[in-house]
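Notes for the one structure printed next.
The values are calculated or read from the model by the stated rules, or taken from the named source; none is laboratory data. All figures in this text were calculated on a predicted structure; none of them were measured in a lab. In this analysis, Cβ positions are derived from the backbone assuming ideal geometry, glycine residues included, and neighbour counts consider all displayed protein chains.
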Amino acid sequence: MGCGTSISTEPQGRAMETEEASSPATPSPALTMKAAILIQGWYRRYMARLEMRRRYTWSIFQSIEYAGEQDQLQLSSFFSFMLDNFTHLNGSGPDLISQLLDPVVDPWLGRETCYELIPVAESYSGPRISFPLSVSHTNSLVNAFKEHQTLHARYALQLLWETKKLLKQMPNIVHMSTSYAKEITICGDLHGHLDDLLLIFYKNGLPSAETPYVFNGDFVDRGKQSTEVVLILFAYLLLYPNHMHLNRGNHEDHIMNLRYGFTKEVMQKYKTHGREILQLFQDVFSLLPIATVIDSKVLIVHGGISDQTDLDFLNSIERQKVKSALRLPRRSLEEPDVSRPYKQTHGPRPGSSHSRRQRPGAQTKRKRHRGLSRQDSGSSSSSSSSSSSSSLCSSRTPSCLSPRPCSSPPPPTVPFSVDGLQVPFLDSLASLPPPSPPRVEREWKQMVDVLWSDPKPQDGCTPNTFRGGGCYYGPDVTQRLLRHHGYQLLIRSHECKQEGYEICHGGNVITIFSASNYYEEGSNRGAYVKLGQDLLPRFYQYQVSRTTRKLTLTQRVRAAEGSALRALQEKLFSHRSELLTGFLPFDHNNTGFVSVSEWAQVLETVLRLDLPWRTLRPHLARLAPDGSVEYLSCFDYMGPGLHLPQVTPNLAETLVRYRTDLELIFNIIDKDHSGLISLDEFRHTWRLFSGHLGVALDDGAIDALARSIDFNKDGSIDFTEFLEAFRVVHKLDKDH
Amino acid sequence: MLFPSALGPEILVTGVHKRINDAFQVFDHDLNKTVDVREIGAIVRSLGCFPTEAELLDIIDEVEEPNGFICFERFLPTMSKILMENKFRPIPEDTLLKAFEVLDQQKKGHLEPNELTEYMRQGDEPFTQLEMEEMLSSAVEPDSNLIYYKDFVNMMVLDGER
């Protein structure tokens, strides 16, 4: 085969005649060719490995993300429980938890003109807006946010009030037409990535009558500029109500916001008025429309559909009643404890065909409330086909699990009173209100399905146990729904995609995701899709880059991989005791070694992350010379930052694992945002939380810990310091 | 890297199977034990074997299903054989370095981008434009616009052999 280059065509002889006394003879063409081929082969192998690393990095991020979302249910059920049973944490009036979870509208706040009473200092250099908004206002907002300025609370509140008024007039399903403008642009999740939003506006144009937009939910949480993103979107909504459309996402939900960063961001940016602003956001979020339809042909919703989705019904409900997907309208219902008796009579689902992600909900490994009269979590839902005990996929939402509604009465062990169920908790009985009527439930389920579901390749519809809410819907489900309404396309978001978008279900479903670098710098592109009158999708991709120099593929993969592996190592660390317990059956003589297969098996079972463990093993644990895994080396990589006295490994691990949750709770308790909470509050909260988790921790250890953290002995704890102590530190880091 | 034979042949085989399963899993998007035929190259190479394109096509011929997918049941025995027989062995680092030295005819210690490009476009399976761009983006030192191949090899080996 000819090679077509000058080097190799030189005959052997001429090459040898070259006068290079000091250096060896020029290599023969054959040798050169061999060398070139060798390098080619080696490089290709390297790229294959790189590709593999990129993919498992992606898997790690995605599994941890979704596992985190399941944990969210735990937290929200804890909050609900606290709310139901301990509304006054320190006995002096309603606390922030009540405010945030079940707000009583402050009469002052209830009046629209409340914001007028907030003075704006002369020295305020941020944007000033007035209503009705004009283009100059939106321009000044965009420019100000680019410069990292914060919109004054007064204007923020006013903006939110105006948005609330506008949204109230809108239906649940909004219709658009391509006959007004050339093309409609549809964007997916932004998650507080202001840079991506600005990049979209730069590439595609600011919203206007000529450039209409649909933003498909998840504007907030995770990213650091959620406030700016959502305020800009609302401002444009007010400016161009007919050409700017916003769909609600599963993160437009105040309970999700508590955990995933939006609440914290608002509190940090708006110290004094944070609570009021959050309250309004809660209202506004629940008023966001659920779906947009273009030309009666294209359906746009955040998550997707289920086999029970009924768009006509959906259009008729009062959407603002569903404040959060994580709390049923009658809040006691999602108590896993309440649903459990029902769940057991329900039994495993017949013939569950979900071959995709046979991952039972994390609930099975979570401990339950102490003292509640029921069996341990271990006995039920051990198989993936059992009805999930998650609050979203509970037996209260039967259509997700099976066609027949749950109608069996609770078993006799749980005493039933006229007011509802009486369940013992710790030392007393707590009374829970009776179940809510079926219609309310049905409304809630329809909403949750639309906001939380994910498409899957196989036919059918199964509960989304990975996320803990909504369903997995197959191509047949999509086909049926589209056909029923005469639609031709479903555009949704909700899942991060490498290229910013993905097409599935034979072209019937498009996923569009607009937050680039979602998991990590370089992890993925963002994209938006445009539809013209032909309704043929055109995709536009982009990627925000923090560095001016373009990173090579290797560098990007390496950075992302490093980050993913640390997250994974942290997971291992924070599940240390469970893992050690898991290794025990395979290591009777306590040698500290198990085979690679056993190691992988234990990790998979305990962590419930479906990852290629053997491939990851070199990053996580050492091998002995005989090829077995030295499993204790899994935990070598890190430990808690400070060395606090009297901290047992068990406690350290728990604190690490629940650090985010604890931070959340502390932030809530800390009403005046001082960063300090009293010892009593700390102890009380910890007891509640650990009781809820079923973690067996000695009260004495906690007390000792509390006292030791109170460094200046004034009866209060700087919880930021405390949490920092339990931030997992990678021992190999130089800058810890 | 195969498991030492001290473990015994049974475990050896099982270990190999598990490794193949792991590699396969990474590319099995729908979690239904099949992968797209286009991924096979990546999977085989990630297991430490690097066949030529022609050899790869032979492998594909053996295992491909009519619908353009490859299912695990058929892939496993074929791949196991390849691994057990140590076919398509990887290249040791010093051999790699020598190869670059051969290409560096003037013994400069570096290569120009267009030199490397010419070489990589040779042979039965020349680099595609995309492959070339990717290689250059990691190999070329941006300030000098030269490829210091010793550093390049060092970096890649460190990175890739984990």
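See the values below:
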item: Scope segment A:225-241; condition hydrophobic (A, V, I, L, M, F, W, C) and either over 26 Å from the mean Cα position of the chain (by Cα) or modelled with pLDDT under 95 (or both); matching residues; result: A:238, A:239
item: Residue list for segment B:142-162, filter: facing chain A (nearest Cβ under 8 Å) and among the acidic types (Asp, Glu); result: B:159
item: Hits in segment A:281-314 - residues which are without any contact (Cβ under 8 Å) to a residue 60 or more places away in the chain and surrounded by 18 or more Cβ atoms within 10 Å (Cβ to Cβ); result: A:285, A:286
item: Selected residue (criterion: nearest to the chain's Cα centre (by Cα)) from residues of segment B:31-59 that are assigned to a helix (DSSP H, G or I) and surrounded by fewer than 16 Cβ atoms within 10 Å (Cβ to Cβ); result: B:53
item: Within segment A:202-222, tally of residues that are assigned to a helix (DSSP H, G or I) and touching a Ser or Thr at 6+ places or on another chain (Cβ under 9 Å); result: 1
item: Residue within segment A:117-136 that is in contact (Cβ under 8 Å) with a residue 40 or more places away in the chain and of a type in the set (S, T, N, Q) present; result: yes
item: Residue match in segment B:105-118 (condition: buried (at least 17 other Cβ atoms within 10 Å of the Cβ), among the aliphatic types (A, V, I, L, M) and within 13 Å of chain A (Cβ to nearest Cβ)); result: yes
item: Residue match in segment A:508-531 (condition: at pLDDT 95 or above, surrounded by fewer than 23 Cβ atoms within 10 Å (Cβ to Cβ) and part of a loop (DSSP other than H, G, I, E, B)); result: yes
item: Hits in segment B:68-84 (condition: more than 13 Å from chain A (Cβ to nearest Cβ) and in contact (Cβ under 8 Å) with a residue 24 or more places away in the chain); result: B:68, B:70, B:71, B:72, B:73, B:75, B:76, B:79, B:80, B:82, B:83, B:84
item: Some residue of segment B:119-141 being more than 10 Å from chain A (Cβ to nearest Cβ), over 19 Å from the mean Cα position of the chain (by Cα) and surrounded by fewer than 19 Cβ atoms within 10 Å (Cβ to Cβ); result: yes
item: Any hit, segment B:85-100, residues being more than 14 Å from chain A (Cβ to nearest Cβ), surrounded by fewer than 16 Cβ atoms within 10 Å (Cβ to Cβ) and within 30 Å of residue B:31 (Cα to Cα); result: yes
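Matching residues to (1) in contact with a His (Cβ under 6 Å, 6 or more places away or on another chain); (2) surrounded by fewer than 19 Cβ atoms within 10 Å (Cβ to Cβ); (3) modelled with pLDDT under 70; (4) away from chain B (no Cβ under 11 Å):
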| residue | (1), (2), (3), (4) |
| --- | --- |
| A:6 | no, yes, yes, no |
| A:24 | no, yes, yes, no |
| A:35 | no, no, no, no |
| A:45 | no, no, no, no |
| A:58 | no, no, no, no |
| A:61 | no, no, no, yes |
| A:70 | no, no, yes, yes |
